Each structure stands twice: as C-alpha cells, then as structure tokens.
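The values are calculated or read from the model by the stated rules, or taken from the named source; none is laboratory data. Just so we're clear, the structure is a prediction, and the values are computed from it rather than from any experiment. FYI the Cβ positions are ideal-geometry reconstructions off the backbone, even for glycines, and counts take in every protein chain you see. Only protein heavy atoms, including side chains, enter the accessible area calculation; ligands, DNA and RNA are left aside. Shrake-Rupley method; radii C 1.70, N 1.55, O 1.52, S 1.80 Å.
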Amino acid sequence: MIQAGTRPFWRATAALTIASFVTFANIYFTQPLLPIFTEEFNLSPLLSSLSVSVTILALALSLLFYGPLSDAIGRKNIMFGTMLGVAVIALLTAFVPNFSTLLILRMIEGFFLAGLPAIAIAYISEEFDSKALTTAVGIYISGNTIGGLSGRMVSGFVTDFAGWHWAFIVMSALSFLCVISFAWLLPRSTHFQSKPLDWKVAFRDFRRHLDNRSLRFAYAIGGFHFFVFIGIYNYITYVLNSAPFNLPTSIVSLLFLTYLAGTFSSTLSGKVAKIMPQSVCIAIGIVMMGAGIAATLVQNLWIIGVGLLLISFGFFFAHSAASSWVSTHATFAKASASSLYLLSYYLGGSIGSFYLGLFYKFFGWNGVVLGSLMILVLTGWCAWKMYGIERAESSRAGLMSNITV
C-alpha cells in the first residue's frame, strides 16, 4: 500500500491532482462567459447557464457507466482515455458556429469528464494505506478547486483580450499537457481486483448502497451543497457585471480566486477528520457556507469577496468530509459507492441553476440567497443525523471492546 509522505505517495497524489485540475477547469470554463453568451447569442441568463448545466448533467449520468466498467477493467487507462477526450472536445468547441452546437459539444465533453471523478476515489481507497487515505482525498479534492479557479480565470482573461473562441483553444492546449503529465506520474494499480462486468450485479450494488442509511445522508449533502454552490457562482456573475459594479469579465474572473480557500479547506478537512467526527466537519462547512451566502447581500465588493471565500471554504471542507464518509462506510464495490455520491453531487449541480434561476428571475439576488439558505437548513439536518450514526458506531465499538476484554 502507498504510505503517506513516500515518493509514490507524492507521484500518485500529484497525478490525480493534475487530472482533477483538467476535469474541473473544463467543467466550469464557461461560467464567467455566461453574460457574454447572453449578449452574443441573445439568450436569457437561464438558457446561457445551460453551457454549465448540460455538462454537469451529462457527467452525472455517465458516472453510472464508468464505476462498474472500472471495477471490471481497471482504473488508470479509463482515466487517461477520458481526459484525452476532454482535451479534443475543448479544441472542437472553439470553432462552433452557434450556441446549439456549443451545447452539444459541452454535453459530449461531460461524458468524458465523468471518467476521472467516477474512479479516482476508488483508486485512492485501493492503493493508499488507511492512514494516508484521508490526506490523499483532501489533496485530490484541492485539485478540484485549483482547476475550477484556473478554468474560470483562463476563460475570463483570454476572452477579454482575444475572444472566447481563443479561450477554448488555450484550455485545450493546457489539457493536452496535463494528460501527458498524468500518464507519466500515476503508478499502476497493484491492489485492483477485477470483477466481471455484469450490469445486473452493478445495479444490485447501487441498490444496496442506496439501502445504506449512512450513505444516503452523504449523498444528499453532496448533491444539495453543489446544487447551491453552482447556482451561487452562476448568478453572481450577473450581479457583478451589472450596476452598481459594472465589472468586465476578466475582473469578475478574479473573484474566483476565492476558490483558493477551498484548496486549503479540502486538505484541512482530511486532517481535522482525524481528531473529530466527520459529521462535525460537515456541520462546520455548512455554517461557513451560510455565513458567506448572507455576506453577499451587502452591496460592497470587498464584503462580497469575503462572502465567496467563506462559501468556497465551507463547501469544500464539507465536500471532502462527505467524500471520505462514503469511502469509509462503503464496505464493497467502492467505485460504485463513490459513483452514486458523485451522481447525486453532479445532478445537484446541474439543476441548481434552474432552482435558483427562478428565485433570481422573480426576486433578484435576495431571492438567490433565500433559496440557498433554505437548502442549507436541510443539509444541516442530514449532518445531525450522521452525527447520531457516528455516536451509535462509537458505542458499539466500545461495547465490543469490553466484551473482548
């Protein structure tokens, strides 16, 4: 098993972080461009947001395919092939003649983007020592934040200086470089045990995971948090592009530097989870998200920036803890369990823009804040139920220890 702090540990975590960078840079690449698509293609904000939503939706549905497939044929080759597909599609998108074609390519790209998140956590859980697992998951998820941040900044700055078509060309070139680095750095699987590809068994495994009460709460938290997170960042671009701020796309993209808080918090969450319950980590993340969302009501750019920092910190802190919860509470078919978590996660992200879009249409930004806080109340209840599960597990472990003695 890969031990924490060793050379294989850093090679593997670097490779997975690079792959995570590619994945999330491409998922969120169009987010700063939504006002530009609205103007250039004469779209409503809700329709423009489809350039993010259809990608996430296709990614979510594809997770059900990649999890069982990787349980049968392995991890690394699928991750490499899908990342290569992402780079090719990004290049093709630079030459689309209309928004409909762009949406089709973004949907196909979503299919390829699912390859990494469906498999990476399973690879980590199989290849890393138990003491290294939570740290590795935290570092891997930090790549999510770096990728999401970088993709948004590349699209914002390149679009302001050369147009959005060139932005996709630059993103494609970066993706190709990362694919090569990933293939060189990632060690081959040594503890993978193949399962015959049987879709009946796969869906039976999915059903068994869904019957697991402790996993259902984690799935709900992942989905609803991403539901809020995507919607917040989609519609804040319209707020900042309009009066009283009137910021250009490149400056709006700088606010996505708040993602760096998530890079730190996802790694920190893995360390904190070693000294306190994972449910408490999730609750801490929820409180911070709520505080950050409320702060965006203040009509001050600096305070909005602080609010986005808190949202990013809290979101990724909770997400890292919920991901680790699934890894530790799934006792079989771990790739399938992780796929279900990510299915819920990305389905939430794909429909969050529609839910919050209605609040934005009728009530403006105040409505977006209200709709988001309503969801956090629900996830806070889920975290409370998970805390009860952890207390029950701890009591059972103590009882067994006494019986053994």
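At a glance:
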read-out	value
Modelled label reach - TRP166, point 7 Å along Cα→Cβ, the stretch 232-267 residues with backbone N closer than 20 Å	248-254
Inter-part distance where the stretch 295-360 and the stretch 105-168 are each reduced to a Cα centre, Å	14
Hydrodynamic radius of the stretch 1-103 per Kirkwood, over alpha carbon pairs, in Å	16.0
Kirkwood Rh (inverse of mean 1/r, distinct Cα pairs), the stretch 50-124, angstrom	12.6
Kyte-Doolittle mean at least 1.0, axial Cα span of 24 Å or more - DSSP H helices of the chain	50-73, 76-93, 164-185, 278-295, 301-329
Protein accessible area in the stretch 175-223, 1.4 Å probe - carbon and sulfur %	59
Heavy-atom accessible area order for HIS329, HIS225, largest first, 1.4 Å probe	HIS329, HIS225
Per-residue [θ]222 nm for the chain (sum of -39500 (n - 2.57) over DSSP H runs n ≥ 4, rounded to 500)	-29000 deg cm²/dmol
Convex hull volume per residue for the stretch 281-396, taking Cα atoms only, in Å³	94
Label-to-label distance, nm, for residues given as ARG7 and LEU378 (7 Å Cα→Cβ offset)	5.0
Radius of gyration and maximum dimension Dmax of the stretch 50-203, Cα, Å	16.8, 52
For MET374, solvent-accessible area (1.4 Å; no DNA, RNA or ligand), Å²	100
Relative contact order (percent, whole number), the chain, Cα cutoff 8 Å, 6+ residue spacing	25
PHE363, PHE161, PHE24, reordered so the largest accessible area comes first (probe 1.4 Å)	PHE161, PHE363, PHE24
Ranked by how many other beta carbons lie within 10 Å on average, peptides 140-149, 235-244 from highest	140-149, 235-244
Probe 1.4 Å, accessible area per residue of the chain, Å²	39
17 Å Cα-Cα reach of LYS271 towards lysines, excluding residues that sit fewer than 8 places from it in its own chain	LYS131
The stretch 1-57 - percent relative contact order, Cα under 8 Å, separation 6 or more	26
